[in-house]
Amino acid sequence: MLLSVEHIRKHFDSDQPVLADVTFQVFADYKIGLVGPNGCGKTTLLNIIAGREELERGKIEKPNDVTIGYLEQRPESVAGRTVMEEARLALAPLIAMQHEAEEIAQKMAIVTELSEHERLAARYDHLHEQLLHRDAYQLEHRIERILHGVGFVDEEFDRPVEKLSGGELNRLSLAGLLLAEPDVMLLDEPSNHLDLAATEWLETFLAGTNAAIILVSHDRYFLDKVTNRTYELYHGTIEEYIGNFSAYTRQKEERLMVQTRTYEKYVEEIEKAKDFIRRNHYGMKAGQAEDRRKKLERLESEPVALPRKIDSPPMNFPKPDRTGDIVFRAENLAKSFKETPLFHDAAFTIERGQRWAVIGPNGCGKTTLIRCLLHELSPDKGVVVHGQGVKIGYFDQHLHVLDDNVLVVDAVRPKNKKIMEDLERRKLLGAFGLSGDQQLQTVGSLSGGQRCRAALARLAAEEANVLILDEPTNHLDLWARAALEKAIHDFEGTVLFISHDRYFVDHVADHLLIIQPNGHFRELEGNYTTYRHLVSRGLIADPFVKNAYAKNKSDSNAAIQQENNIVASKKPQKSSGQKTFHPKQTSQKSGDAKHVSQGEQATQGNQAAKDVSSYTTNEKRKNNKYKKTPQEIKYGTHNPVYAEQPEKPFIETHVKPRDPKQKRKRKFPYRKVSDIEQTIADHESMAETLESLMLLPETLRDGNRIREITAELNEIREKLKNLYDHWDEASELN
């Protein structure tokens, strides 16, 4: 055990403690995601563990040789050093050990006394072992690797620290912590100020480090990739869950159901006892009533806790007026900033009801593009046309739409609506999570998350049919982000947004507008998973990697050649009188076999590799675009969304076309295909959770628990087998 936190309590100004009774342990292999709503005390808890804040009650224990490193949200800058020198400070103990080893080696060369030589040799061997264990003979390489990983380039290594921006200081502080490699890392929003490439690099680094981690983050993708434990901090106490954030959400729902039933049963028993006492206090059953009174006292002395339900605000946007089929049309757009080109030759069309995400590295011109679409900026070249009946609502990430000196209840009223009743505004603010006294505060006194909710409420009041959102999830906690996702999904209008939240992009967008490294735009039908798959296959350039466009040309050609080789290698050799075909090449309308020659198959395989859109066909299933399809599950593909079914051509000897008039009989009751896919996804999640539980050390030591999990897992797998068959039938007959 590396760290023990027992019964921590902490008050601030209010009567309610921020931390009431926090107890947990941290072991060597723990990577903990610390989650909870805004203001629940997550940062306070990290400060107490790091020794930066005093605690009122409780204790924190750790072995003397265990080191703790803390990444705070706003690190202090120190003048007089360069970026490289500041990073090297994190390795000062190792550098000191190197110097000591060198000095001992020099002494050993000149010492003549045998006992002294043996003492120096023993010390040198110990230092050498420590330096090897901590990879201290390649320190310069480590420093460069970490600095590159968090987003610094070689030209910035000699920059003075005092000239760095706030975001750059955060990245440098993170680099120092990763270089120091403490036994326990306390990370408070480590992915802030990192671009997508640096965030993915950090995920990989943290997932592979031997250090224990306590991580606070609003990035659900990041939590899923890094953590194997989730600690929920709520109402001043902690509950532990096994697994990452996705596993936590499933287990949380199950626990909440049990807690709710237990509490409802407790309340029911109390009400029954009170009713019996009230009706029989005087009469023949007075003795029984006295027994019930004693039972009631016992029940009330040991109350059942309320369910730990963290409510999401019921955000929603009003039903919009209908626009024309075309909402935006951009033709040959180009824009430069201070003679530096941002983008050029941008041409795209956004249709009614679509949800587009704009992605690209910081400074590539995403917000500039949005302002061109809003006609706030004039492009250097090209034109933007708005469709018929378009009414735009704009969410600015800097929240300039809100006046800090105005009461929240007044700030939510848009300028184009002179009459909006006070009660209506209060209900609207309540729907976005601002209630009671919060509505009567000035905007300037609100926290970042509260200001963001107020701006979203004002956006809803504008009753727009096109929403343009620039980083709408900034400052929102995990539950508010989930509520915003649902509100956008339910919105019947058109949405265009910028977001660094990959989970949000993955679950909301059905189209992507990607700003490529060469300033070109790339349209993509799909979501974030689609985009990452295509980047990994070399079919599009990664906008977050410098010179990726030039590299992508050769990678794309290689990927195409690889596709052709795979197709060719999987084709059987023809023998006399035999023809080959693939099941996908069979006509679905008539059932007649469609024979294709080897040359035609090669042409089709080459075209499929060249055509990016062939990888996004499944995106037309908008409600299930980020889940495995049952075919992919059934064929055992490794890619979570877009892996193709394996090419399994077979030999046709006698193929009897099926009579199109002969309809297949149903084996299963009628269900929508989308409903079956949702059930499959739920059962898969349960299976993954059980497989994770099976690998835990405490499970492996408990034979009975292993048997229980195995039986449950086999039952779920049997249900999945039937669900796959049901899906096949529904896909054909529905």
*Being of a type in the set (Asp, Glu) and assigned to a helix (DSSP H, G or I) is the filter here, so list the residues in segment 475-492 that pass it.*
Glu485, Asp490
*Residues in segment 413-427: is at least one at pLDDT 90 or above and open to solvent by less than 10 Å² (accessible area, probe 1.4 Å)?*
no
_Please pick out the residue among Ser312, Ser246 that is within 37 Å of the chain's Cα centre (by Cα) and more than 30 Å from Arg426 (Cβ to Cβ)._
Ser246
*Within the bounds of segment 129-138, is there any residue that is at pLDDT 85 or above, among the aromatic types (Phe, Trp, Tyr) and assigned to a helix (DSSP H, G or I)?*
no
*For residues that are touching a residue at least 24 places away in the same chain (Cβ under 8 Å) and under 30 Å from Ala197 (Cα atoms), tally how many sit in segment 100-136.*
2
*asked:* Tell me yes or no: at least one residue of segment 154-175 is buried (at least 18 other Cβ atoms within 10 Å of the Cβ), out of contact with any His (no Cβ under 9 Å at 6 or more places or on another chain) and among the charged types (D, E, K, R).
replied: no
*Considering every residue within segment 352-368, establish whether at least one is among the hydroxyl-bearing types (Ser, Thr, Tyr), free of Cβ contacts under 8 Å to residues at least 24 places away in the same chain and in contact with a strand residue (DSSP E or B) (Cβ under 7 Å, 6 or more places away or on another chain).*
no
*asked:* Looking only at segment 1-36, count every residue that is open to solvent by less than 10 Å² (accessible area, probe 1.4 Å) and more than 24 Å from the chain's Cα centre (by Cα) and tell me the total.
replied: 6
*Hits in segment 294-333 (condition: open to solvent by less than 60 Å² (accessible area, probe 1.4 Å) and out of contact with any Gly (no Cβ under 6 Å at 6 or more places or on another chain))*: Leu296, Leu299, Val304, Pro307, Arg308, Ile310, Ser312, Met315, Phe317, Pro318, Phe328, Ala330
_So for segment 463-474 (the condition being of a type in the set (Gly, Ala, Ser) and either open to solvent by 50 Å² or more (accessible area, probe 1.4 Å) or part of a helix (DSSP H, G or I) (or both)), does at least one residue qualify?_
no
*Can you pull out the strands (runs of 3 or more DSSP E) entirely within segment 5-68 that have at least 2 residues that are within 27 Å of Gly433 (Cβ to Cβ) and modelled with pLDDT of 90 or more?*
19-26, 31-35
*Considering residues of segment 351-402 that are more than 25 Å from the chain's Cα centre (by Cα) and among the acidic types (Asp, Glu) only, the residue nearest to Gly324 (Cα to Cα)*: Glu351
*Failed condition for Thr340, given (1) farther than 30 Å from Gly151 by Cβ; (2) among the polar types (S, T, N, Q); (3) without any contact (Cβ under 8 Å) to a residue 40 or more places away in the chain*: (1)
*Tell me, please, whether a residue that is open to solvent by less than 50 Å² (accessible area, probe 1.4 Å), within 25 Å of Leu172 (Cβ to Cβ) and of a type in the set (Val, Ile, Thr) can be found in segment 77-91.*
yes
_Residue match in segment 238-260 (condition: farther than 30 Å from Val216 by Cα, without any contact (Cβ under 8 Å) to a residue 60 or more places away in the chain and among the hydroxyl-bearing types (Ser, Thr, Tyr))_ = no
*Subset of segment 245-267 (residues that are polar (S, T, N, Q) and open to solvent by 40 Å² or more (accessible area, probe 1.4 Å))*: Thr249, Gln259, Thr260, Thr262
*Residue satisfying all of: in segment 512-548; open to solvent by 60 Å² or more (accessible area, probe 1.4 Å) and part of a loop (DSSP other than H, G, I, E, B); nearest to Gln354 (Cα to Cα) among these*: His520
_Testing Gly393 on (1) touching a Leu at 6+ places or on another chain (Cβ under 8 Å); (2) within 30 Å of Ile270 (Cβ to Cβ); (3) surrounded by 15 or more Cβ atoms within 10 Å (Cβ to Cβ), one condition comes back false. Which one is that?_
(2)
_Hey, Leu120 open to solvent by less than 20 Å² (accessible area, probe 1.4 Å) and more than 22 Å from Gly80 (Cα to Cα) or not_ = yes
*asked:* Any residue at all in segment 661-673 that's closer than 29 Å to Gln251 by Cα, surrounded by 11 or more Cβ atoms within 10 Å (Cβ to Cβ) and modelled with pLDDT of 55 or more?
replied: yes
*Quick check: is even one residue across segment 185-204 loosely packed, with under 15 Cβ neighbours inside 10 Å and more than 22 Å from Gly51 (Cα to Cα)?*
yes
_Long-range neighbours under 6 Å by Cβ, at least six apart or interchain, first residue farther than 21 Å from Leu89 by Cβ within segment 178-205, second open to solvent by 30 Å² or more (accessible area, probe 1.4 Å) and assigned to a helix (DSSP H, G or I)_ = Glu203/Lys225
_Identity of the residue in segment 207-242, over 24 Å from Asp195 (Cβ atoms) and touching a Leu at 6+ places or on another chain (Cβ under 8 Å), that ends up surrounded by the most Cβ atoms within 10 Å (Cβ to Cβ)_ = Ile214
*Just one of Leu377, Leu373, Leu399 is touching a residue at least 40 places away in the same chain (Cβ under 8 Å), open to solvent by less than 30 Å² (accessible area, probe 1.4 Å), aliphatic (A, V, I, L, M) and more than 19 Å from Met315 (Cα to Cα); which is it?*
Leu373
*Could you look through segment 686-728, keep only residues that are outside any helix (DSSP H, G or I) and open to solvent by 80 Å² or more (accessible area, probe 1.4 Å), and pick out the one that is farthest from Asp29 (Cα to Cα)?*
Arg701
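Here is a yes/no grid of residues against (1) of a type outside the set (Val, Ile, Thr); (2) within 22 Å of Ala247 (Cα to Cα):
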{"site": "Tyr670", "(1), (2)": "yes, no"}
{"site": "Glu684", "(1), (2)": "yes, yes"}
{"site": "Leu690", "(1), (2)": "yes, yes"}
{"site": "Pro697", "(1), (2)": "yes, yes"}
{"site": "Thr710", "(1), (2)": "no, yes"}
{"site": "Tyr724", "(1), (2)": "yes, no"}
*Considering every residue within segment 99-117, establish whether at least one is hydroxyl-bearing (Ser, Thr, Tyr), closer than 30 Å to Ala175 by Cα and part of a helix (DSSP H, G or I).*
no
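The values are calculated or read from the model by the stated rules, or taken from the named source; none is laboratory data. Bear in mind that the values here come from a model prediction, so they are computed numbers and not experimental data. With ideal geometry, Cβ positions are generated from the backbone for all residues, glycine too; neighbour counts draw on all protein chains shown. Quick note on the areas: whole protein, heavy atoms, side chains included, nothing else; ligands and nucleic acids left out. Shrake-Rupley method; radii C 1.70, N 1.55, O 1.52, S 1.80 Å.
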